[in-house]
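The values are calculated or read from the model by the stated rules, or taken from the named source; none is laboratory data. This structure is a prediction, so every number in the text was calculated from the model and none was measured. Cβ sites come from the backbone with ideal geometry, for glycine too, and all protein chains shown count toward neighbours.
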Amino acid sequence: MNKSAILLIYTGGTIGMKTDPEVGALCPFDFSQIIREVPEISKFACRIESIAFDPLIDSSDIEPSLWEKLALMIRDNYDDYDGFVVLHGTDTMSYTASALSFMLKNLSKPVILTGSQLPIGAPRTDGKENLVSAVEIAAAKRPDGSAMVPEVAIFFGSRLMRGNRTTKVNAESFEAFQSPNLPALAEAGISIRYNDSIILKPSKAPLEVYTSLDTRVSILKIHPGITPGVVRNILLGSDTPAVIIETYGSGNAPTKPWFLDIVRQAASAGKVLVGVTQCLAGTVNMDLYATGKGLKEAGVLSGYDSTTEAMLAKLFYLFGSGRSKEEIYSALGRSMRGEITLI
Ligand code: ASP
């Protein structure tokens, strides 16, 4: 059997940084040095090649044009590799994984993002284990030769998680990410145990890559004391055809008339309004309380158990693909890439 071939795409992030004495802060260093720090990966029975972003970036600087670059790098190399490992800063890794999950349709190969909390050259780095496990997962095949994990996923700490279900929850711990509403796709211990029943099936259709994203989406986080001016600016802003409303609990928001009036005005102006929950885990169910019902009647759709990151990416993708409002409504009510659990 042929050896698996893996393409490592290095975008930047802590994993490949070291302290630059001149700047006095962590700065990216070149990729060959990363590989030198992890001789373990040459022991895998797979061919590993790499390409790097130029310039390398701290992931706080990620933007849709770089998601496009990443998606095109994957498309252009898709037939030559069995899987892809993307080294990425942790700060925005969940946003990138969510965006890629929508941009890459009909995946039949793994796209595994990873990074680290400590640079790979640091004595207690988590980067080596993350990288080694991500490569092993990207190369893993089923007995019929198809990919074990044909999804965009994040490996971090000890778990493989569906990318569009993740959120960064800790700025210091080695378990920096959680997938609060979907169990891990795999757990790494002595061996890697796959949770096969929830891993998406490989697509038989050819890969389709969508790079046109419409980023005119804003986010309104409800909080006690929020003022009419703030709500009006975000919900009625002229440049935002869609707003994600981060609601309390299971989709609740204030019942004050001024608040619901502004929501109604936004809905009747044709804006797409979607509610997600501020809670780390759980789902929106606007029929549970009168406070949620008010929002639903005012024109807000349920975002179910979507993370904010995944909903942002989904709306960028839906609006970027030129769909009609009805098509967008229907797409928001279904799971397109495993990003929501319908109730
Ligand atoms: N600021 C870094 C980044 O996101 C943090 C990290 O990689 O953990 O690029």
Inset, instruction - Please identify the pairs in which a residue from the stretch 183-199 that is over 25 Å from SER335 (Cα atoms) has its Cβ atom under 8 Å from the Cβ atom of a residue that is hydrophobic (A, V, I, L, M, F, W, C), counting only partners at least 6 apart or on another chain. - result: ALA188/PHE155; ALA188/LEU160; ILE192/ILE137; ILE192/ALA140; ILE192/LEU160; ILE192/ALA186; ARG193/ALA186
Legend entry - Looking only at the stretch 215-269, and only at residues there that are under 25 Å from the mean Cα position of the chain (by Cα) and of a type in the set (Ser, Thr, Tyr), the one that is modelled with the lowest pLDDT: SER250
Inset, instruction - Count, please, the residues in the stretch 35-52 that happen to be under 27 Å from the mean Cα position of the chain (by Cα) and among the polar types (S, T, N, Q). - result: 1
Legend entry - Any chance ILE120 is in contact with a strand residue (DSSP E or B) (Cβ under 8 Å, 6 or more places away or on another chain) and surrounded by 24 or more Cβ atoms within 10 Å (Cβ to Cβ): no
Inset, instruction - Answer yes or no as to whether LEU113 is at pLDDT below 95 and within 13 Å of GLY13 (Cα to Cα). - result: no
Legend entry - Residue list for the stretch 155-179, restricted to those being part of a strand (DSSP E or B), of a type outside the set (S, T, N, Q) and under 22 Å from GLN278 (Cα atoms): MET161, ARG162, LYS168, PHE177
Legend entry - Subset of the stretch 115-124 (residues that are within 15 Å of the ligand (Cβ to nearest atom) and without any contact (Cβ under 8 Å) to a residue 12 or more places away in the chain): ALA122, ARG124
Legend entry - Those residues of the stretch 75-88 which are surrounded by 23 or more Cβ atoms within 10 Å (Cβ to Cβ) and over 18 Å from SER59 (Cα atoms), in sequence order: GLY83, PHE84
Inset, instruction - Go through the stretch 298-312 and give me each residue that's of a type outside the set (S, T, N, Q) and assigned to a strand (DSSP E or B). - result: LEU301
Legend entry - Cβ-Cβ under 7 Å pairs, at least 6 apart or on other chains, the stretch 131-151 side without any contact (Cβ under 8 Å) to a residue 24 or more places away in the chain, far side in a loop (DSSP other than H, G, I, E, B): ARG142/MET148
